[in-house]
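Here the structure comes first, spelled out in structure tokens, and everything after it is commentary.
The values are calculated or read from the model by the stated rules, or taken from the named source; none is laboratory data. Everything numeric in this text was worked out from a predicted model, so none of it was measured. Reconstructed Cβ throughout: ideal geometry from the backbone, glycine too, with neighbour counts over all protein chains shown.
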Amino acid sequence: MLISKIGKRGTLFTFQDGDSPMGGDTSVYLISGKERLYLCDTYLGTGSMRVVKEYINNRYGEKRLIVFNSHSDFDHVWGNGAFPTSDVVSHCKTRQRMQERWEFDFLRLRRFHDGEIFKRLPSIIFDSNMKFEDDRIEFRYAPGHTVCSSVCIDLEDSVIFAGDLIEKPVPVILSSDLIIYYETLKSLMDMDFETLISAHSGVSDRTLLSKNIEYVKALFLRERIEFPEGEDHGAHEFNVKHLVYLKYEDMARELEGSGFDFDTFKKRFWEILGVGQDMMSIESKLMMDTPEEKFERAWREYCKE
Ligand SMILES: [Fe+2]
């Protein structure tokens, strides 16, 4: 694990290959405010948070800790339970989406459990933003990567923790509204900051932000997107197919309104496609392997039931 200091009061903990059950880099970010500590994201469980907790206890003792979830994906919230006496702050949709998909992700992604995982939903939610004026900290809604994404802005150090909104070479897209994503990234570009942190690409800059903006725009316009030789374009291939799949989840939400149940949708839709819930650990692969026409036929079948 890499621990690096950012600005006057930030510490970035970066889990690398071999540090946890999940490959690649993932960072959580700690800010030591005058009054409180703020921890952006909690990764994969109590196991992942052990070093972070030790670090906090050794340096900051009894200072009150606020946990912030940048969005509801499992690799950012499963460690919330490691901080039972701290408040967890997030956007209201983060809490909603976390509640909605907790069971599904907890079961299908067992291979990524790191230590114990307690279901700890946010205790304080905000709508557009939330400020801790005395510590010059702001959490602000910034939808795009997911419908529930938000950023943490440290006004004192001029740092933005952007979660999964930006990523190298391209961000993973888990929400179908690309216009909203584009607008969010443009608004980040218009903000005044010195340091931009991506949860999976570490300390980033306006160049990556600008490339991600161009990417989201090109994807929306269905333009051909080229990757330099050797650059990993797996995320792009996933995005293209996932947007196709998401269309059906979105339609089911619209069709069923308040009766929509995430687990039931997953179960029924995949069952029509001949896939049982025991196969959900490889849902992404199955999605990539399923031809678009099959999704369309499954949807027609789904509507008949
Ligand atoms: Fe993530």
Of (1) within 24 Å of Thr14 (Cβ to Cβ); (2) assigned to a strand (DSSP E or B), Lys131 fails just (1)
Does any residue in segment 17-41 that is in the same structural domain as Arg136 (by TED's automatic domain parsing) come within less than 7 Å, Cβ to Cβ, of a residue that is assigned to a strand (DSSP E or B) and among the acidic types (Asp, Glu) six or more places away or on a different chain, and which pairs are these? Ile31/Asp154
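Results for (1) hydroxyl-bearing (Ser, Thr, Tyr); (2) in a loop (DSSP other than H, G, I, E, B), shown as yes or no for each residue.
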| position | (1), (2) |
| --- | --- |
| Pro21 | no, yes |
| Val28 | no, no |
| Gly47 | no, no |
| Ile56 | no, no |
| Val67 | no, no |
| Ser72 | yes, yes |
Anything in segment 77-110 that is of a type in the set (A, V, I, L, M) and over 20 Å from Phe260 (Cα atoms)? List them, or say none. Val77, Ala82, Val88, Val89, Leu107, Leu109
Output the number of the condition that Phe13 fails; it satisfies all remaining conditions of (1) aromatic (Phe, Trp, Tyr); (2) touching a helix residue (DSSP H, G or I) at 6+ places or on another chain (Cβ under 6 Å); (3) assigned to a helix (DSSP H, G or I). (3)
If the Cβ limit is 6 Å and pairs must be 6+ apart or interchain, which residue in segment 69-87 that is closer than 13 Å to Asp105 by Cβ pairs with which residue that is away from the ligand (no atom under 16 Å from the Cβ) and not in a strand (DSSP E or B)? none
Filtered residues of segment 141-189 (kept if of a type in the set (S, T, N, Q) and in contact with a His (Cβ under 6 Å, 6 or more places away or on another chain)): Thr146, Ser149, Ser150
Among residues belonging to segment 32-56 that are polar (S, T, N, Q) and either in contact with a Leu (Cβ under 7 Å, 6 or more places away or on another chain) or crowded, with 24+ Cβ neighbours inside 10 Å (or both), point out the one that is farthest from Leu2 (Cα to Cα). Thr42
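Considering every residue within segment 233-244, establish whether at least one is farther than 27 Å from Leu165 by Cβ and assigned to a helix (DSSP H, G or I).
Taking every residue of segment 233-244 in turn, none turns out to be farther than 27 Å from Leu165 by Cβ and assigned to a helix (DSSP H, G or I).
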Looking only at residues in segment 1-31 that are buried (at least 18 other Cβ atoms within 10 Å of the Cβ) and more than 16 Å from the ligand (Cβ to nearest atom), which one is farthest from Ser201 (Cα to Cα)? Arg9
Exactly one of Leu65, Leu2, Leu12, Leu37 is among the aliphatic types (A, V, I, L, M) and out of contact with any Lys or Arg (no Cβ under 9 Å at 6 or more places or on another chain), and that residue is Leu2
Going through segment 40-66 one residue at a time, which ones are within 16 Å of the ligand (Cβ to nearest atom) and over 22 Å from Arg110 (Cα atoms)? Cys40
